[in-house]
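See below for the structure under consideration.
The values are calculated or read from the model by the stated rules, or taken from the named source; none is laboratory data. All figures in this text were calculated on a predicted structure; none of them were measured in a lab. Reconstructed Cβ throughout: ideal geometry from the backbone, glycine too, with neighbour counts over all protein chains shown. Remember, those area values only see protein heavy atoms, side chains included, never the ligands or the DNA or RNA. Shrake-Rupley method; radii C 1.70, N 1.55, O 1.52, S 1.80 Å.
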Number of protein chains: 2
Amino acid sequence: MKITFLGTSAGAPTRRRNVTSIALQLDQKSCLWLFDCGEGTQHQVLRSPLRLSQLERLFFTHLHGDHLFGLVGLLASRSLQDGVHTPVTLYGPEGLEAYVRGVLEASRTRLQYPLHIEIVRPGLICSTETEEVFAAPMLHGVPTFGYAVQEKTQSGRFDIEKAKDLGIPEGPLYGKLKRGESVTLEDGRVIEGKALVGQERPGRKIVFCGDTTFTPNAVALAKDADLLIHEATYCEEDHHLALRANHSTATMAAQVAKQAGVQMLVLTHFSARYEAEGVIGLPGLLAEAQEIFPNTVLAHDFWHHIIARREPLKTPLRED
Amino acid sequence: MKITFLGTSAGAPTRRRNVTSIALQLDQKSCLWLFDCGEGTQHQVLRSPLRLSQLERLFFTHLHGDHLFGLVGLLASRSLQDGVHTPVTLYGPEGLEAYVRGVLEASRTRLQYPLHIEIVRPGLICSTETEEVFAAPMLHGVPTFGYAVQEKTQSGRFDIEKAKDLGIPEGPLYGKLKRGESVTLEDGRVIEGKALVGQERPGRKIVFCGDTTFTPNAVALAKDADLLIHEATYCEEDHHLALRANHSTATMAAQVAKQAGVQMLVLTHFSARYEAEGVIGLPGLLAEAQEIFPNTVLAHDFWHHIIARREPLKTPLRED
């Protein structure tokens, strides 16, 4: 699992930072998920190794312009690419579908691939073969969700060599053994699948909090995550600005990370004021968070990070 | 009068070219007009010496996404700038207002300055102290306008020194003389204003054709212009593509320039296909136009050009 920040500025772009979008690439799958899509996201994709053709899902935390206005342009440009016909699914708060249909209609944009739009409710919103995505309401003055991507438990590696040594014929029996079932061979031997399958690995968990001020919902959503991405529009000195606009300070973000017991915190969505001279600046904002949660980093545009696989469990887990 | 190209790619941005927007700065006025506003226009403004705070008018040729999707983000970012309260007026085809109001509403964007929206009909659409703007329908499959910015005749310089030498008292008489009227002094002398006012200069004319295939309307609109900006999405070899999509070839653009008798032709809105290898490429596209209209150049992002003032007329013109 790899994340790439495509925009890390709050509200409006600056010369160095675009408005919000975060890319997630899943292991061993040529697919791209995006979280939010501020104006210019397609331009950032062009400057990155990511490919719009691989876009599969796009999750919106909320519908403020700096998280939304890159959507239809990106969909339209994807549609101009030769041979791109795979569907895209959008997830977001009430109002997303009316917005998208309205903009497509006004601009007479016709997409050459299917577009699905799912209105998000708290809880499980999407489940694939390998991941589940959960949403929880955040606190931002407009309907806003945080998202947790929970990788499913990864089954242990099937030991093909050992199976061959035991003289088990290749074919459907392998499937049963991989699933941990026991099979009876023609010669009467009974083989336990568990003996041929390595230990399972717990799935990884990445949490994207949308724009929000401090909320216990974020703590609950982020519980034990490998990585928490949390906005830190302001530093604590500007606490009053954060409260006024339903945003977080770096301190609030670090408190969420600490209370949730995450492995790593990435701060993003910075006010342009911290690029100006004579203020605490982003190093100060980082220091403030690290006092509370040491394993904190600041995102910048195109900053990417691979989330390492978790260690196998001592005792293999079974979902049954 | 200075024009700056903020985007010169057709349909979708490339690594080198953004989608369409063209800036016009008028002499001796701190005001900025934009023609079209593709996604990422505000980002291009950030990278240029232009200032959103000076934006006064924004003209849309049509409502395709690559000319439109940067609008609301740009308006919203302008609204976040401290102390910017001057109004902005949008001009465009039917549907513009519904689009803008819908996007502002969906994203809960509130602007801190007045926004006016004028639906364009062919003919004179706006008149300022120094310019008039005319619209003419183009041929692009959706309602599309080309715009001519016609500077008004510039009155000749009033010779203050000569007026003082003649003993004319400063005050309201100067205004009359500047307008070319005759005045009678207290001592009975009659002074002809014309004798104190230099020769007039004809106004300059700049024409922005939106996306269009060849149309006589473009020729009429561009008649005797100092500068014609015309799309050239394709080269003549790809004539069939131009016709299919209601676009122009470089040849069509050059024919408009030649028939209209303009001074200079700037081509823009190039298909990304000409950046690929093994095709005619943009130098070929330019050569094709120059065969017909030699004073042709290719625009690129941030290419800018100052349109020189016209020479004074031999015989002063009077509007009456």
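Observations, loosely collected:
- Each eigenvalue of the Cα gyration tensor of chain B, multiplied by 5 and square-rooted, gives one semi-axis; in descending order these are 40, 26, 16 Å.
- Expressed as a whole percent, the accessible surface of region B:42-192 that belongs to carbon and sulfur atoms is 50, based on a 1.4 Å probe.
- Entry note, region A:19-111: relative contact order of 27 percent, from Cα contacts under 8 Å with a spacing of 6+ residues.
- Here the Kirkwood formula, the inverse mean of 1/r across different C-alpha pairs, assigns region B:104-241 a hydrodynamic radius of 19.4 Å.
- Taking every protein chain into account, the 1.4 Å probe leaves residue A:303 with about 50 Å² of accessible area, to the nearest ten.
- Surface share of carbon and sulfur [accessible, 1.4 angstrom probe, percent] for region A:203-275: 46 percent
- Given charges at Cβ of Lys, Arg, Asp, Glu: region B:188-269 dipole, positive-most of B:252, B:229, B:202: B:202
- Compared with its chain on its own, region A:55-98 contains the following residues whose accessible area drops by 20 Å² or more in the full protein assembly (probe 1.4 Å; ligands, DNA and RNA excluded): A:63, A:64, A:69, A:73, A:77, A:80.
- In this assembly of identical copies, the label point of residue A:115 (Cα plus 7 Å along Cα-to-Cβ) is separated from its counterparts by 2.0 nm, sorted shortest first.
- Surface per residue (accessible, 1.4 Å probe) for the protein assembly as shown, Å²: 44 Å²
- Among the GluC sites (Glu not before Pro) found in region B:165-208, those both in a DSSP coil and sparsely packed, with 15 or fewer other Cβ atoms within 10 Å of their Cβ, are B:170, B:181, B:186.
- Degrees separating the helix B:250-260 axis from the principal Cα axis of chain B, which is the longest one: 20 degrees
- Chain A - charge dipole about Cα centre, Lys and Arg +1 at Cβ, Asp and Glu -1, debye rounded to 20: 420 debye
- Fraction of beta bridges assigned by DSSP in the protein assembly as shown that are antiparallel (%, nearest 5): 55 percent
- Plainly put, the tip 7 Å out from Cα toward Cβ on residue A:220 is 6.7 nm from that tip on each other copy, the closest given first.
- Within a Gaussian network of chain A (alpha carbon springs, distance under 10 Å), most fluctuating of A:235, A:31, A:209: A:31
- Charge dipole (Cα centre; +1 on Lys/Arg Cβ, -1 on Asp/Glu Cβ; no other charges) of region B:84-188 amounts to roughly 400 debye.
- Kirkwood hydrodynamic radius of region A:147-227, from the reciprocal of the average inverse Cα-Cα distance over all distinct pairs: 15.4 Å.
- Using only side-chain charges placed at the Cβ, +1 for Lys and Arg and -1 for Asp and Glu, the dipole size of the protein assembly as shown relative to its Cα centre rounds to 200 debye.
- Stokes-Einstein D for the protein assembly as shown, Kirkwood Rh over Cα pairs, 20 °C, 1.002 mPa s (µm²/s): 76 µm²/s
- Farthest towards the positive end of the charge dipole of chain A, among the residues A:188, A:80, A:302, is the Cα of A:188, using unit charges on the Cβ of Lys, Arg, Asp and Glu.
- For residue B:186, inter-copy separations between label points set 7 Å beyond Cα along the Cβ vector come to 13.0 nm, shortest first.
- Pairwise burial A:B, computed as accessible area of each alone minus the pair, summed, 1.4 Å, Å²: 2400 Å²
- Principal-axis tilt of helix A:281-292 within chain A, Cα atoms, nearest 10 degrees: 50 degrees
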